[in-house]
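J.: Next up is a structure, given as structure tokens.
The values are calculated or read from the model by the stated rules, or taken from the named source; none is laboratory data. A quick note: this is a predicted structure, and the numbers were derived from the prediction, not measured. Quick reminder, even Gly has a Cβ in these numbers, built from the backbone with ideal geometry, and neighbours come from all protein chains shown. Ligands, DNA and RNA are excluded from the accessible area calculation, which covers all protein heavy atoms including side chains. Shrake-Rupley method; radii C 1.70, N 1.55, O 1.52, S 1.80 Å.
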Amino acid sequence: MKIAGKAYRTIWLGEDGWSVVVIDQTRLPFSFETVRLTQVQEAADAIRHMIVRGAPLIGATAAYGVALALRGDASDAALERALALLGATRPTAVNLHWALARMRARLIELPETERVAAAYAEAAAICDEDVALCRAIGEHGLGLIRTIAAAKPVGERINILTHCNAGWLATVDWGTALAPIYLAHDAGIPVHVWVDETRPRNQGAALSAYELGAHGVPHTVISDNAGGHLMQHGEVDMVIVGTDRTTATGDVANKIGTYLKALAAHDNGVPFYVALPSPTIDWSLSDGLAEIPIEERAAGEVTHLRGVGEDGRPGIFQVTAPGSPAANPAFDVTPARLVTGLVTERGVAPASFEGLSRLFPELAQERMK
Ligand SMILES: CSC[C@H]1O[C@H](OP(=O)(O)O)[C@H](O)[C@@H]1O
């Protein structure tokens, strides 16, 4: 997507042809800065500290992290060490583990002399595929927005609520939940986005608002607690969110607070869609609540806020009573029964094994083995 007229992906090769450059998302929206990764440890730290975040982008960064590791040592032991280091960074986004498994399968049978080039090629392929998958999600989601627009008076804005950031900053490009919104806006459909701030890391207020604004999409940042009220008053035509891991039966793990939005949407008859590329489907799981690992992050993310003061200077500000403990589960699970549909690169599926296996029979077969 474009920032100030210049096209960007979220991750790219440095001019040296081997280092990896990423946008430092902890600096947004107040400063656009990049970080150059030269070691596998730096890639792991970038994932763990959320310099890069979002399931597809986490997977892409990990893939390049493997390539960086093998530059120094392409042995089996070095490969396994890199996979373990990167795999331990964040537990919930299945794309991380999908990408690492794909890299291992591509590399383990190769002679060491061929591994570095193959690793970079596979990481680049993962990135290019993600761009295509997310663009296709956009097309299928656009169809949903067109249907909703057709049911409203001509010219009336279509209000879409989203939670966290599942835009191009969460992927290599285009995004998942926001891809349909960009295409609808570009097609002249009058979309407006209610952007959940998304405590505690504020990916909505800081990242979704930033990228929607950069693209000229009308949007309004709201507190996480306002969405239900807006739905009760007919101010939300649809909800669309991303996901970090969706089970074969359609249970959806996503940023903490998503489940509450799904409950409010269900109670108010508002369609609740989840946008995801197929690498985010975990075919090995069928009970999301019982089986999806939920990341517990530091209490400091709840007790303190990053921002800029009235003087415009960046800072970290405490927002809780000194000494009060804080808990910080980073994700929750929305059961399939609350999901209207799953917007994938191959179309919109009911949130069920039947729905997903109809779109991805070859992947469902793998599970059936
Ligand atoms: C397209 S994946 C976006 C997904 O990732 C976010 O989590 P985090 O910012 O912690 O990586 C959030 O759950 C988004 O919906």
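J.: Quick one: with all protein chains in place, what share of the accessible area of segment 137-368 is carbon or sulfur, to the nearest percent (1.4 Å probe)?
T.: The nonpolar share, carbon plus sulfur, comes to 54 percent.
J.: In addition: Where does helix 76-87 land angle-wise versus the long Cα axis of the chain, in degrees 0 to 90, nearest 10?
T.: The helix 76-87 is inclined about 20 degrees to the chain.
J.: Which of the peptides 272-280, 69-77, 183-191, 209-217 is most tightly packed, and how do the rest follow, judged by the mean count of other Cβ atoms within 10 Å per residue?
T.: Taking the mean over residues of other Cβ atoms within 10 Å, the ranking is 272-280, 209-217, 183-191, 69-77.
J.: Equivalent ellipsoid semi-axes for segment 211-289, as square roots of 5 times the alpha carbon gyration tensor eigenvalues: give them largest first, rounded to whole Å.
T.: 25, 17, 10
J.: Another one. Rolling a 1.4 Å sphere over the protein heavy atoms, what is the accessible area per residue of the chain, to the nearest Å²?
T.: Ligands and nucleic acids excluded, the result is 40 Å² per residue.
J.: When the Karplus curve 6.51 cos²θ - 1.76 cosθ + 1.60 is applied with θ = phi - 60°, which whole-Hz ³J(HN,Hα) does each residue of segment 231-240 get, with x for Gly and Pro?
T.: Here the 3J(HN,Hα) series is 5, 4, 9, x, 8, 10, 8, 7, 10, 9 Hz.
J.: A follow-up question, please. Net charge near residue 67: determine it from the other residues with C-beta under 10 Å of the C-beta of residue 67, scoring Lys and Arg +1 and Asp and Glu -1.
T.: Here the charged neighbours net out to +1.
J.: If you don't mind, another one. Given the chain reduced to its alpha-carbon atoms as identical point scatterers, what log10 I(q)/I(0) does the Debye formula return at q = 0.08, 0.13 Å⁻¹?
T.: Scattering profile of the chain, log10 relative to I(0): -0.38, -1.03.
J.: I want the local charge near residue 303. Using Cβ-Cβ distances under 14 Å, sum +1 for each Lys or Arg and -1 for each Asp or Glu among the other residues.
T.: Here the count lands on +3.
J.: Can you tell me the 0 to 90 degree angle between the C-alpha axis of helix 55-72 and the longest principal axis of the chain, rounded to 10?
T.: Orientation of helix 55-72: about 10 degrees from the principal axis.
J.: Apply the Karplus parameterisation 6.51 cos²θ - 1.76 cosθ + 1.60, with θ equal to phi minus 60°, to every residue of segment 214-224 and state each ³J(HN,Hα) to the nearest whole Hz, in sequence, with x for glycine and proline.
T.: Calculated HN-Hα couplings, in order: 5, 9, x, 7, x, 7, 9, 7, 10, 5, 4 Hz.
J.: Tally Lys/Arg at +1 and Asp/Glu at -1 over every other residue whose Cβ is under 14 Å from the Cβ of residue 239; what's the total?
T.: Working: positive: 255, 261; negative: 196, 224, 235, 237, 267.
So the environment of residue 239 carries a net charge of -3.
J.: At 1.4 Å probe size, put 238, 1 in order of accessible surface, largest to smallest.
T.: The ordering from most to least exposed comes out as 1, 238.
J.: Could you give me D for segment 247-369, from Stokes-Einstein at 4 °C and 1.567 mPa s, where the hydrodynamic radius is the Kirkwood radius over C-alpha pairs? Units µm² s⁻¹, please. Mind showing how you got there, number by number?
T.: Working: Rh = 16.6 Å.
D, rounded to a whole number, is 78 µm²/s.
J.: Return the sequence-ordered ³J(HN,Hα) values of segment 39-45 in whole Hz as given by the Karplus equation 6.51 cos²θ - 1.76 cosθ + 1.60 applied to θ = phi - 60°, using x for Gly and Pro.
T.: My calculation for segment 39-45 gives 10, 5, 4, 5, 5, 5, 5 Hz in order.
J.: Dividing the alpha-carbon radius of gyration of segment 79-125 by 2.2 N^0.38 Å (N being the number of residues), what value is obtained? Let's see the in-between values first.
T.: Working: Rg = 10.9 Å, N = 47, 2.2 N^0.38 = 9.5 Å.
Dividing the Cα Rg of segment 79-125 by 2.2 N^0.38 Å gives 1.14.
J.: Can you give the relative contact order of segment 219-300 as a percent, counting alpha carbon pairs under 8 Å and 6+ residues apart?
T.: Rounded, it is 35 percent for segment 219-300.
J.: How far, in degrees from 0 to 90, does helix 112-150 lean away from the longest principal axis of the Cα atoms of the chain, to the nearest 10?
T.: 10 degrees
J.: Please give the peptides 323-329, 103-109, 133-139 ranked by average Cβ packing (other Cβ atoms within 10 Å per residue), highest first, as a rough proxy for protection. List each step's numbers first, then the result.
T.: Numbers: 323-329: 10.3, 103-109: 16.6, 133-139: 21.9.
Order by mean packing, descending: 133-139, 103-109, 323-329.
J.: Once amide H atoms are placed 1.01 Å from N in the peptide plane, what residues at a sequence separation of 5 or more from residue 221, or on another chain, have their amide H within under 5 Å of its amide H?
T.: Answer set, sorted by chain and number: 195.
J.: Further question: Taking the Kirkwood radius as the inverse of the mean 1/r across Cα pairs, report the Rg/Rh of segment 174-326. Intermediate values should be presented prior to the final figure.
T.: Values: Rg = 17.0 Å, Rh = 17.3 Å.
Dividing the radius of gyration by the Kirkwood radius yields 0.99.
J.: Give me the log10 of I(q) over I(0) for segment 117-205 at q = 0.16, 0.17, 0.24 Å⁻¹, as the Debye formula computes it from C-alpha points; what are the numbers?
T.: For segment 117-205 at q = 0.16, 0.17, 0.24 Å⁻¹, log10 I(q)/I(0) is -0.69, -0.75, -1.12.
J.: If r is the Cβ-Cβ distance from residue 16 to residue 263 and R0 is 51 Å, what FRET efficiency results, to the nearest 0.05?
T.: 0.55
J.: A further question on this structure: Could you tell me what fraction of 2.2 N^0.38 Å the Cα radius of gyration of segment 2-129 comes to, as a two-decimal ratio?
T.: 1.00
J.: Quick one: which residues, 5 or more positions from residue 3 or on another chain, have an amide H under 5 Å from its amide H? H modelled 1.01 Å from N in the peptide plane, none for Pro or chain starts.
T.: Under 5 Å from the amide H of residue 3: 8.
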